[in-house]
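Remarks on the structure that follows.
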Amino acid sequence: MEHIAVSLPLLKDDDVHRGYRRDLGERLASVDPRLDLEAEIRRLKVERKAVLLAHYYQDGEIQDLADHLGDSLQLAQAAKKTDAEVIVFAGVHFMAETAKILNPDRIVVVPDMDAGCSLADGCTPAALSAWKQAHPTHQVVSYINCSAEVKALSDVIVTSSNAEKIVRALPEDRPILFAPDRNLGAWLVQKIGRPMDLWPGACVVHEMFDERQIVQLKERHHAELVAHPECEAHVLRHADFIGSTTALLRRVETTQAKTVIVATEPGILHQMRRARPDLELLEAPGEDPSCKCNLCPHMKRNTLEKLYLSLRDLTPRIEMPRDLLDRARVPIERMLSLS
Ligand code: 13P
Ligand code: SF4
């Protein structure tokens, strides 16, 4: 079967995208509903000499099949170390791109090429380039939630778990442009006390939490609040602990509290419940109680069926021009060496 290779999240309205969705639909229809998908995925991983990397925001059934489960940094580190012939990335597009940039000669497949990210989508290479040109003396620090093209325009990449350490280590003589998450950026400015110009991007999931309801829930349950730094400042100011998904999990593993409110995508609760079955874990409420808006619509595109198909057919693949791979690798390698 011909594999589909795409370098960017697909444009929603063109023939390539329509062809991709049609092909995916046909392949999904070809899956026998009686198939034991978990067993097939395990079998295909061995047959294809593949490694499955999964983010904590994936559904529990996908997390349970992963060879490496982690936050953005841990998954980039696992991608850097692997000697598998195939990397299957159960996360979102920019994460799989990072794995490909670190493994230009390996096959990298994703369950659904349309699993994007509001942060990455909101910062185009052209706009970032113009921002850079307007600030020629600045160094560019980009959150890993951005496209390969934006990475190639950056001096260094950070994730939520290493951003503080890396920004503290940057030369003092050049001011900083920070893209694309204004909430993570504002939190860093407050924590480190170093001014940065912030790109006005945000995560659709982490901006939906409701401060008033969180405060009320916290008081009612005498609960601890743990929050991801992609949340807005008015939510973060009530947090007892702020950190990456892995850091939030570590905190929950050791907390003395009896009830914890978790302000991030609830996929992480799968591991939190497993680590602390004695704890009451509550999802932080959003503004609209009728909407499960705290579920990342991109992460949740990945299903067991699509994961099985990506291994069976080795498509869709992440592909990029060699020149882009080489340029985007520089700031990622810099991040890995500073982590
Ligand atoms: P981390 O995995 O670094 O905690 O980031 C969360 C996130 O938003 C991933 O898209
Ligand atoms: Fe992007 Fe937010 Fe989804 Fe993470 S949770 S992948 S930042 S949209």
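Laboratory data are not the source of any read-out in this text; all were calculated from the coordinates shown. Remember, predicted model here, so these are calculated numbers, not experimental data. All Cβ positions, glycine included, derive from the backbone under ideal geometry; neighbour counts span all protein chains shown.
Under 16 Å of direct C-alpha separation, and excluding same-chain neighbours fewer than eight residues apart, LYS165 reaches these aspartates and glutamates: ASP155, GLU333. Across the stretch 143-222, the relative contact order, built from alpha-carbon pairs under 8 Å that are at least six residues apart, equals 24 percent.
A run of the chain free of exposed loop cleavage sites, with trypsin sites (Lys or Arg not before Pro) counted only in DSSP states other than H, G, I, E and B and at most 16 other beta carbons within 10 Å, reaches its longest extent at 50-236.
Give the Debye-formula value of log10 I(q)/I(0) at each listed q (0.12, 0.15 Å⁻¹), with one equal scatterer per alpha carbon of the chain, two decimals each. The Debye formula, applied to the Cα set alone, gives -0.86, -1.31. When the chain is treated as a GNM with alpha-carbon contacts under 10 Å, the residue of PRO277, PRO229, PRO195 showing the greatest mean-square fluctuation is PRO277. Taking label points 7 Å from Cα along the Cα-to-Cβ direction, HIS222 and HIS234 give a separation of 2.9 nm. In a fully extended conformation the segment linking ALA127 and ASP323 would gain 68.5 nm over its present Cα-Cα distance, using 0.36 nm per residue. Cβ-Cβ distance of HIS135 and ASP36, R₀ of 56 Å, FRET efficiency by 1/(1 + (r/R0)^6): the value works out to about 0.55.
Only Cα pairs under 8 Å and 6+ residues apart enter the sum, and on that basis the relative contact order of the stretch 262-339 stands at 24 percent. Which values of log₁₀ I(q)/I(0), to two decimal places, follow from the Debye formula for the stretch 165-276 at q = 0.14, 0.21 Å⁻¹ with a uniform point scatterer at every Cα? Taking Cα atoms of the stretch 165-276 as identical point scatterers yields -0.61, -1.14.
Each residue of the stretch 99-141 gets 114 Å³ once the volume of the Cα convex hull is shared out per residue. Using C-alpha pairs under 8 Å with a sequence gap of at least 6, the mean separation divided by the residue count of the chain gives a relative contact order of 24 percent.
Gain on full extension, evaluated as 0.36 nm per residue between ALA169 and CYS293 minus their Cα-Cα distance, stands at 41.0 nm. Output the antiparallel fraction of DSSP beta bridges having both residues in the chain, as a percent to the nearest 5. Within the chain, antiparallel bridges account for around 5 percent of the total. Where in the stretch 79-107 does the amide nitrogen come within less than 14 Å of the point 7 Å from the Cα of SER339, taken along Cα to Cβ? Label zone hits: 79-82, 95-103. Subtracting the Cα-Cα distance of ALA275 and VAL46 from their residue separation scaled by 0.36 nm leaves 79.6 nm. Cut-off 10 angstrom, C-alpha nodes, Gaussian network model of the chain. Which of GLY19, GLY286, GLY122 fluctuates the most? Maximum among the listed residues: GLY19. Computed over Cα pairs, the Kirkwood radius of the stretch 229-339 leads via Stokes-Einstein (0.692 mPa s, 37 °C) to a diffusion coefficient of 188 µm² per second. Pairwise Cα distances in the stretch 1-144 exceed 23 Å in 44 percent of cases. Evaluate the Debye formula for the stretch 190-253 with equal point scatterers sitting on the alpha carbons, no solvent, and hand back log10 of I(q)/I(0) at q = 0.12 Å⁻¹, in q order, two decimals. The Cα Debye sum returns log10 ratios of -0.35. Just checking the listed ones, ASP105, ASP181, ASP14: in the Gaussian network model of the chain with Cα springs under 10 Å, the one fluctuating most is ASP14. Extending 7 Å from Cα along the Cβ direction at LYS80 and again at LEU28 yields two label points whose distance is 3.6 nm.
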